[in-house]
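The values are calculated or read from the model by the stated rules, or taken from the named source; none is laboratory data. It should be emphasised that the depicted structure is a prediction, and the values quoted were computed from it without experimental measurement. In this analysis, Cβ positions are derived from the backbone assuming ideal geometry, glycine residues included, and neighbour counts consider all displayed protein chains. With ligands, DNA and RNA removed, areas are computed over all heavy atoms of the protein, side chains included. Shrake-Rupley method; radii C 1.70, N 1.55, O 1.52, S 1.80 Å.
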Amino acid sequence: MARVVLVAGVALCALGVLGIVLHLVRRGRWRTLRSSAELYQRARLTLTSAVDTTVVGQTPVDRSAEVDRAVEIGQQALDAWKSAGTPPTSAALRVRVAGLALAYADDLRDAGRAEAALAHLAAAQQVLAERVDADPVRHRPMLADVLTATAAAEADLGHADEALRLDGRIVPLLRDLAQDRPTAYARQLGLALAAEARHFHEIGRSAEALAAAAEATALLRTADRAALASAGAGHAAILLAAGRDEEALAAVNEAVKHGAQGFDGHSFEHCVTLTVLGRCLLTLGRTPLAEAPLRDALALSRAAATRHPHRGRSWLADSLTATAEMLTVLDRPADAVAAAQEATQLAPSDSGLQARALWALSAALVADGRPADARTPAAEAVELYKRLVAARPGRHHREQAQAQELLSRL
């Protein structure tokens with residue numbers, strides 16, 4: 001009997017020790033998960049400071065080093081998150097960490113680190129997919145946010161096909177949410193359709209791009225007219241590429257009207273809408289009317305390039321190119337050459353922006369009486385357009401024809 005009691009006592013003691021060990025392990029995993037949340041908050045603060053171009057004495061090299069440090073802290077947060085696993089009753093905390101990871105990923109995209117953002121978004125997507133199964137009403141909206149951010153990051157990296165694959169999940173999800181609560185989700189659905197339209201446009205699927213853009217515009221016209229500014233500008237650009245110039249002008253005029261209301265005319269992003277308006281007017285031969293919007297677009301995009309270099313440099317390149325086209329037509333070729341040269345220095349080297357800037361530079365040089373100098377940028381524009389069209393059939397045909405026609409005259 002004594003032996004039985006002894007064995008039972010040892011077993012109970014072992015179970016007690018095991019319980020303590022399990023408790024300590026669980027507690028450690030909880031601490032690791034909380035540490036992940038704290039690290040994400042630190043990473044966001046570091047990144048915000050790094051991209052703040054108003055800090056006196058901070059050089060571009062300093063900012064780049066701070067961004068690298070923020071990326072390192074974010075990686076520590078992700079590593080801690082993964083090592084914590086799924087402690088019991090930690091669902092709410094894991095969703096909170098997923099929300100912090102989403103916000104941090106958006107910050108990374110703004111800093112030009114879209115590739116780094118994808119790992120954090122993938123982890124957030126995994127957690128939310130699990131929680132959607134358990135509580136769909138509560139967690140589907142956040143899953144839609146994470147998928148939307150992932151598609152945007154893929155698009156930033158030039159992966160339009162992958163972005164479209166994600167759109168195929170995002171749009172149906174938001175349609176379901178908007179059907180149940182149209183007031184709450186119509187705006188988000190409209191913006192998702194506008195993004196899908198851009199992605200279709202990037203790979204040359206014009207019909208699908210136009211359909212998605214038209215639906216986005218119709219939704220946002222009633223859901224959120226301020227959001228119509230960016231969506232309408234995209235719709236106009238797609239119409240312009242399709243040769244539907246008068247419709248493009250109508251779309252961008254509506255976007256400019258609501259953009260001025262939503263942005264008070266001072267938002268950096270408003271430069272994109274104004275540049276599209278200027279380009280529509282140039283295409284329709286109404287060059288004098290393009291001068292005012294392009295002047296405003298150029299001022300806004302210069303400010304954007306200083307405050308938000310990652311996005312602002314491309315906006316500035318586009319505004320400069322349209323300005324160069326306008327100045328050439330207005331018989332100010334020297335100014336046009338200067339604007340186009342600046343645009344070629346800012347635009348990404350293997351992009352449609354670079355090709356158009358080269359074409360604008362060539363046209364300006366011809367107008368300046370320098371056809372021999374114009375041949376090189378014209379030939380470079382044609383070759384770049386050939387590569388772009390080969391990679392994405394259905395894109396850039398109109399611009400390629402313009403560049404080819406110019407080169408044939410030199």
Among 106-115, 321-330, the order from most to least packed when residues are scored by Cβ within 10 Å on average: 321-330, 106-115
Estimated inter-spin distance, ALA401 and ARG169, nm [label 7 Å along Cα→Cβ]: 4.0 nm
Linear extension gain, ARG34 paired with ALA226, 0.36 nm per residue minus alpha-carbon span: 65.3 nm
In Hz, Karplus ³J(HN,Hα) per residue of region 281-292 (6.51, -1.76, 1.60; θ = phi - 60°; x = Gly, Pro): 5, 4, 4, 7, x, 9, 4, x, 6, 7, 5, 5
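Can you bin region 230-383 into rounded, prolate or oblate? Criterion: square roots of the alpha carbon gyration tensor eigenvalues sorted a ≥ b ≥ c, rounded for a/c under 1.5, prolate for a/b above b/c, oblate for the rest. It would help to have the intermediate numbers written out before the result.
Numbers: a/c = 1.76, a/b = 1.45, b/c = 1.22.
It is prolate, given that a/c is not under 1.5 and a/b is the larger ratio.
How large is the helix-only mean residue ellipticity at 222 nm for the chain, computed as the sum of -39500 (n - 2.57) over DSSP H runs with n ≥ 4, divided by its residue count, in deg cm²/dmol to the nearest 500?
On the way: 17 runs with 349 residues, N = 410.
Per the formula, -29500 deg cm²/dmol.
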Net +/- balance of residues flanking ALA227 in space, Cβ distance below 12 Å, scoring K and R +1, D and E -1: +1
Cα gyration tensor, region 345-407 - rounded (a/c under 1.5), prolate or oblate: prolate
Residues of region 363-401 with amide N under 17 Å of a point placed 7 Å along Cα→Cβ from GLU208: 391-396
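Which percent of the accessible heavy-atom area of the chain goes to carbon and sulfur, probe 1.4 angstrom? Spell out each step's value before the answer.
Working: 10940 of 19570 Å².
Whole-percent figure for carbon plus sulfur exposure: 56.
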From the coordinates shown, Rg and Dmax of the Cα atoms in Å corresponds to which of (1) 26.5, 113; (2) 38.7, 139; (3) 21.8, 70: (1)
Gaussian network model of the chain, springs between alpha carbon atoms under 10 Å - residue of ASP318, ASP161, ASP180 with greatest fluctuation: ASP180
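Pop the C-beta distance of ARG370 and HIS310 into the FRET formula with R0 = 30 Å and round what comes out to the nearest 0.05.
Values: r = 34 Å, r/R0 = 1.14.
After rounding, the FRET efficiency stands at 0.30.
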Positive minus negative residues near ARG332 (Lys, Arg vs Asp, Glu; Cβ under 11 Å): -4
Extension reserve of the LEU330-THR48 stretch, reckoned as 0.36 nm per residue once the Cα distance is removed: 97.3 nm
Heavy-atom accessible area per residue - the chain, 1.4 Å, Å²: 48 Å²
Packing rank of 296-309, 124-137, where each peptide gets the mean count of other beta carbons within 10 Å, highest leading: 296-309, 124-137
Globularity index of region 150-274, i.e. its alpha-carbon radius of gyration over 2.2 N^0.38 Å: 1.01
GNM top mover of ALA236, ALA213, ALA70 - the chain, alpha-carbon springs below 10 Å: ALA70
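Taking all pairs of distinct Cα atoms, average 1/r, flip it, and tell me the Kirkwood hydrodynamic radius of region 130-184 in Å to one decimal place. Walk me through the numbers on the way to the answer.
Details: mean 1/r = 0.0849 Å⁻¹.
For region 130-184, inverting the mean 1/r across all distinct Cα pairs yields 11.8 Å.
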Pair THR59, LEU284: separation of 7 Å Cα→Cβ label points (nm): 4.9 nm
Highest-MSF residue in the chain out of LEU39, LEU365, LEU284 [GNM, Cα springs under 10 Å]: LEU284
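What number comes out for the charge environment of ARG279, summing +1 per Lys or Arg and -1 per Asp or Glu over other residues with Cβ under 12 Å away?
On the way: positive: ARG286, ARG356, ARG398; negative: ASP245, ASP318, GLU325, GLU399.
So the surrounding residues net to -1.
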Amide N proximity, region 30-47 versus SER83 label position 7 Å along Cα-to-Cβ, cut-off under 16 Å: 30-40
Cα gyration tensor shape of region 62-128, rounded if a/c is under 1.5, else prolate or oblate by comparing a/b with b/c: prolate
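With +1 on each Lys and Arg Cβ and -1 on each Asp and Glu Cβ, and nothing else charged, work out how big the dipole of the chain is about its Cα centre, in Debye to the nearest 20. Don't skip to the end; give the middle numbers.
Working: 46 positive and 47 negative charges, 303 e Å.
Once rounded to the nearest 20, the dipole reads 1460 debye.
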